[in-house]
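Notes follow the structure.
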Amino acid sequence: LQYRWSKLTHKYPFWLIYIWRELTGNLSANTPRVNVSDGGHTGDNLGLLPLIQRRCSTIVIADFEADSAYSFESFGQAIRLAKSIYNADINIDLMKLMPQKNDAGEIYSPASVVEGSVTYNLSETDPKTGKVRFYKKTGQIVYMKSSINLLKGAAEVYDEDAAPPPISEPAPVMVLNYFKKNPQFPHQSTADQYFDEVQFEAYRMLGEHIGRQAAGRVKFAALQED
């Protein structure tokens, strides 16, 4: 009976055991199975904190969770944790992402990508004098939000001195057609775990469309010290 039970649990492992191992820190590189989570239970559903911890000079965040109210809850929580844990300040204007209604009554966002700055507040102690020096280093953060934009209005939110939008075409026709038939897109409930082919392709094409916009905003440069 013990042999059968061991064989059964090996083939169909009891997942609570692995969550308990994670909670108690009883994991190592040699552990046969490890519970993998998206980080939602830690308060950082977007994976921002590990990048802040490493003081990355360029951070790109893709926020594609269901957020039809555009409350930016996960991003806001990550910003608060970055400040409280690592004393890093993130300055970014999210108003450009807020949806607006056009003359036809359809709701679109002026933009799907915004750029901001991340400031690391640092200190170091001189080993000879013992004096503490406080200084700051600044990097870039590019934030993508799952939203439908036509880019015609997106061009208006860029500064005159800034580079033009990296692409000028609107969202793919297939994406716009799916959006018109499914107004909740792209913030449909995550309870829907069974996408059909059309729904899957709409999300994929929208992600590619937004990613291409973000690619032109990324600047790979070292941190700037103030």
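Just for the range 94-132: of the residues that are assigned to a helix (DSSP H, G or I) and touching a residue at least 24 places away in the same chain (Cβ under 8 Å), which one is farthest from Y70 (Cα to Cα)? Please lay out each step first, then the result.
Kept after step one, since they are assigned to a helix (DSSP H, G or I), are these residues of the range 94-132: 95-97.
Now drop any that are not touching a residue at least 24 places away in the same chain (Cβ under 8 Å), which leaves 96-97.
On the way: K96: 11, L97: 8 Å.
Only one residue fits best here, namely K96.
Suppose we filter D93, D89, D67 for residues that are open to solvent by less than 30 Å² (accessible area, probe 1.4 Å) and not polar (S, T, N, Q); which single one remains?
Working: D93 fails: open to solvent by less than 30 Å² (accessible area, probe 1.4 Å); D89 fails: open to solvent by less than 30 Å² (accessible area, probe 1.4 Å).
Being open to solvent by less than 30 Å² (accessible area, probe 1.4 Å) and not polar (S, T, N, Q) holds for just one of D93, D89, D67, which is D67.
Here's the yes/no breakdown for (1) open to solvent by less than 40 Å² (accessible area, probe 1.4 Å); (2) in contact with a Lys or Arg (Cβ under 6 Å, 6 or more places away or on another chain); (3) of a type in the set (A, V, I, L, M):
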site: P186; (1), (2), (3): yes, no, no
site: Y194; (1), (2), (3): no, no, no
site: E197; (1), (2), (3): no, no, no
site: F200; (1), (2), (3): no, no, no
site: L206; (1), (2), (3): yes, no, yes
site: I210; (1), (2), (3): yes, no, yes
site: Q224; (1), (2), (3): no, no, no
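One residue is enough: does the range 14-22 have a residue meeting the conditions at pLDDT 75 or above, open to solvent by 60 Å² or more (accessible area, probe 1.4 Å) and either within 30 Å of N91 (Cα to Cα) or in contact with a Leu (Cβ under 7 Å, 6 or more places away or on another chain) (or both)?
Checking the range 14-22: at least one residue is at pLDDT 75 or above, open to solvent by 60 Å² or more (accessible area, probe 1.4 Å) and either within 30 Å of N91 (Cα to Cα) or in contact with a Leu (Cβ under 7 Å, 6 or more places away or on another chain) (or both).
I'd like to verify a number: residues in the range 81-93 that are assigned to a strand (DSSP E or B) and in contact with a Gly (Cβ under 6 Å, 6 or more places away or on another chain), how many? Step through it out loud before you land on a result.
We begin by selecting, within the range 81-93, every residue assigned to a strand (DSSP E or B); these are 88-91.
Filter once more, keeping what is in contact with a Gly (Cβ under 6 Å, 6 or more places away or on another chain): 91.
The total comes to 1.
Does L51 satisfy the condition of being under 21 Å from V142 (Cβ atoms) and either in contact (Cβ under 8 Å) with a residue 60 or more places away in the chain or not in a loop (DSSP other than H, G, I, E, B) (or both)? Step through it out loud before you land on a result.
Working: under 21 Å from V142 (Cβ atoms): yes; either in contact (Cβ under 8 Å) with a residue 60 or more places away in the chain or not in a loop (DSSP other than H, G, I, E, B) (or both): yes.
Considered against the rule, which asks whether it is under 21 Å from V142 (Cβ atoms) and either in contact (Cβ under 8 Å) with a residue 60 or more places away in the chain or not in a loop (DSSP other than H, G, I, E, B) (or both), L51 comes out as yes.
Any residue in the range 62-89 that is under 30 Å from N182 (Cα atoms) sitting within a Cβ distance under 9 Å of a residue that is acidic (D, E) and surrounded by fewer than 16 Cβ atoms within 10 Å (Cβ to Cβ)? List the pairs, counting only those 6 or more apart or interchain.
What qualifies is E65/E73; D67/E73.
Condition check ((1) modelled with pLDDT of 80 or more; (2) part of a helix (DSSP H, G or I); (3) within 20 Å of the chain's Cα centre (by Cα); (4) of a type outside the set (F, W, Y)) across all residues:
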| position | (1), (2), (3), (4) |
| --- | --- |
| S147 | yes, no, yes, yes |
| A163 | no, no, no, yes |
| Y178 | yes, yes, no, no |
| S189 | yes, no, yes, yes |
| Q199 | yes, yes, no, yes |
| G207 | yes, yes, yes, yes |
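Looking only at the range 95-153, how many residues end up being more than 28 Å from S84 (Cβ to Cβ) and touching a Pro at 6+ places or on another chain (Cβ under 8 Å)?
Number of matching residues: 11.
Sort out which residues of the range 72-86 are surrounded by 13 or more Cβ atoms within 10 Å (Cβ to Cβ) and hydroxyl-bearing (S, T, Y), and write them in order of number.
If the condition is that a residue be surrounded by 13 or more Cβ atoms within 10 Å (Cβ to Cβ) and hydroxyl-bearing (S, T, Y), then S74, Y86 are the ones that fit.
Got a number for residues in the range 87-117 being at pLDDT 95 or above and hydroxyl-bearing (S, T, Y)?
Total meeting the criteria: 1.
The values are calculated or read from the model by the stated rules, or taken from the named source; none is laboratory data. Since this is a predicted model, take the numbers as computed values, not measurements. Heads up, the Cβs are rebuilt from the backbone with ideal geometry, glycines too, and the neighbour counts pull from every protein chain shown. Note: areas computed on protein heavy atoms with side chains; ligands, DNA, RNA excluded. Shrake-Rupley method; radii C 1.70, N 1.55, O 1.52, S 1.80 Å.
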